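Trainee: Sending over a structure as structure tokens; questions will come in a sec.
The values are calculated or read from the model by the stated rules, or taken from the named source; none is laboratory data. As the structure is a prediction and not an experimental result, all values here were calculated from the model. Cβ sites come from the backbone with ideal geometry, for glycine too, and all protein chains shown count toward neighbours. Accessible surface is based on the protein model in full, side chains and every heavy atom, while ligands, DNA and RNA are left aside. Shrake-Rupley method; radii C 1.70, N 1.55, O 1.52, S 1.80 Å.
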Amino acid sequence: MVKYNNFQTSKPQRIGYALSGGFIKGFAHLGVMQALLEHDIKPNIISGVSAGALAGVFYADGYEPYRAVEIFNGYKFMDLTSWALTRTGFFKLDDFVDFLNTNLKHKNLEELEIPLVVTATDLDHGRSVQFRKGNIADLIAASCCMPVMFTPVNIDGTNYVDGGVLKNLPVSTIRKECEKVVAINVSPLIAGKYKMNVLDIALRSYHFMFRANTFPDRDNSDLLIEPYGLKGYGNRELGKAEEIFKHGYDAGNKVLNKLIEEKGSIWK
């Protein structure tokens, strides 16, 4: 029997969304979800990691995707972070937590209008952890906490970092309780050009390892949407949120319309 929040059910959820990490590219999640909504494909549960957890929580909190983008209008990267002044990361996420507490209607995961599963990485014990209850702002911050850039988020004595370190496309966390899972991966593996120097080789290798853990989950979904053309956006370019949203929206519509035209259905 599946237990979720305050109820139990022997029936699976009909449709689940699995939303990948991707930092600033996470605004493309909202664009894809807007396209899905306009095709009447609505989630009964959402599984999110990092930027996907952030996009998912606004949808689960009752915001239509395009409205969630509007909430970030006028904000800059340094409005949501501050210098950590420690040896554990360059920035801390206290201001980000305050932003979430201010703009979300609900405070705990179990109160959300749509069930949300948040994935983070337990840095102390080296494991992927899925949260289904608890303080939203703290758990989203933990899931989004990119190592080195941000100081780890401590919750009840345990240090957490970005959930994408071990699971960057969280299909498996809801697979058994859903009839259909829509996977949105805003960080597809792309082998573009690079410079032959130590830094570029190290960063390229890191990104390959980070994104390679999505392969099993990609294959385990019923519908996969991967917006391309997002590589050029810097992680601090909050001012490009609407532009990134549009990329996701166009990509979602392109995939959905093509499937309907060619197969008469979006599902496998």
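Trainee: It is to be established whether one or more residues within region 240-249 are surrounded by fewer than 16 Cβ atoms within 10 Å (Cβ to Cβ), without any contact (Cβ under 8 Å) to a residue 24 or more places away in the chain and not aromatic (Phe, Trp, Tyr).
Mentor: Yes: region 240-249 contains one or more residues that are surrounded by fewer than 16 Cβ atoms within 10 Å (Cβ to Cβ), without any contact (Cβ under 8 Å) to a residue 24 or more places away in the chain and not aromatic (Phe, Trp, Tyr).
Trainee: Val118 versus (1) in contact (Cβ under 8 Å) with a residue 60 or more places away in the chain; (2) in a helix (DSSP H, G or I): which is the lone unmet condition?
Mentor: Of everything listed in (1) in contact (Cβ under 8 Å) with a residue 60 or more places away in the chain; (2) in a helix (DSSP H, G or I), Val118 misses just condition (2).
Trainee: Going by the structure shown, is Glu262 open to solvent by 80 Å² or more (accessible area, probe 1.4 Å) and within 16 Å of Leu30 (Cβ to Cβ)? Step through it out loud before you land on a result.
Mentor: Values: open to solvent by 80 Å² or more (accessible area, probe 1.4 Å): yes; within 16 Å of Leu30 (Cβ to Cβ): no.
Judged against the criteria, Glu262 is not a match.
Trainee: Kindly evaluate Lys231 against the criterion of being of a type in the set (D, E, K, R), open to solvent by 40 Å² or more (accessible area, probe 1.4 Å) and either over 23 Å from Lys193 (Cβ atoms) or at pLDDT 90 or above (or both).
Mentor: Details: of a type in the set (D, E, K, R): yes; open to solvent by 40 Å² or more (accessible area, probe 1.4 Å): yes; either over 23 Å from Lys193 (Cβ atoms) or at pLDDT 90 or above (or both): no.
Answer is no for this residue.
Trainee: Only one of Val165, Val129, Val117 is within 26 Å of Ile71 (Cα to Cα) and under 15 Å from the mean Cα position of the chain (by Cα); which? Before you say what the answer is, go through the steps one by one.
Mentor: Values: Val165 fails: within 26 Å of Ile71 (Cα to Cα); Val129 fails: within 26 Å of Ile71 (Cα to Cα).
None of the other options fit; the residue is Val117.
Trainee: Right, here's the next one. Out of all the residues in region 1-38, which are modelled with pLDDT of 95 or more and farther than 29 Å from Phe77 by Cα?
Mentor: Ile15, Gly16, Glu38
Trainee: Within region 49-60, restricting attention to residues that are touching a residue at least 60 places away in the same chain (Cβ under 8 Å) and farther than 15 Å from Ile225 by Cα, which residue is most open to solvent (accessible area, probe 1.4 Å)?
Mentor: The first filter runs over region 49-60 and keeps only residues touching a residue at least 60 places away in the same chain (Cβ under 8 Å), leaving 49-54, 56-57.
Keeping just the survivors that are farther than 15 Å from Ile225 by Cα gives 49-51, 53-54, 56-57.
Values: Val49: 0, Ser50: 6, Ala51: 8, Ala53: 0, Leu54: 32, Gly56: 0, Val57: 0 Å².
Taking the candidates together, the pick is Leu54.
Trainee: Condition test on Leu116, is it touching a Phe, Trp or Tyr at 6+ places or on another chain (Cβ under 6 Å) and either open to solvent by 60 Å² or more (accessible area, probe 1.4 Å) or modelled with pLDDT of 95 or more (or both)? Give the derivation first.
Mentor: Values: touching a Phe, Trp or Tyr at 6+ places or on another chain (Cβ under 6 Å): no; either open to solvent by 60 Å² or more (accessible area, probe 1.4 Å) or modelled with pLDDT of 95 or more (or both): yes.
Against the criterion (touching a Phe, Trp or Tyr at 6+ places or on another chain (Cβ under 6 Å) and either open to solvent by 60 Å² or more (accessible area, probe 1.4 Å) or modelled with pLDDT of 95 or more (or both)), Leu116 does not qualify.
Trainee: Can you tell me which residues in region 89-104 are open to solvent by 20 Å² or more (accessible area, probe 1.4 Å) and under 25 Å from Thr173 (Cα atoms)? Explain how you work it out, then say what you get.
Mentor: Looking only at region 89-104, we keep the residues that are open to solvent by 20 Å² or more (accessible area, probe 1.4 Å), and these are 90, 92, 94-95, 97-98, 101-103.
Within region 89-104, just Val97 meets the criteria.
Trainee: So, one more: Among the listed residues Thr86, Thr81, which satisfies the condition of being open to solvent by less than 20 Å² (accessible area, probe 1.4 Å), in contact (Cβ under 8 Å) with a residue 40 or more places away in the chain and polar (S, T, N, Q)? Let's see the steps before the verdict.
Mentor: On the way: Thr86 fails: open to solvent by less than 20 Å² (accessible area, probe 1.4 Å).
Thr81 is the lone residue from the list that is open to solvent by less than 20 Å² (accessible area, probe 1.4 Å), in contact (Cβ under 8 Å) with a residue 40 or more places away in the chain and polar (S, T, N, Q).
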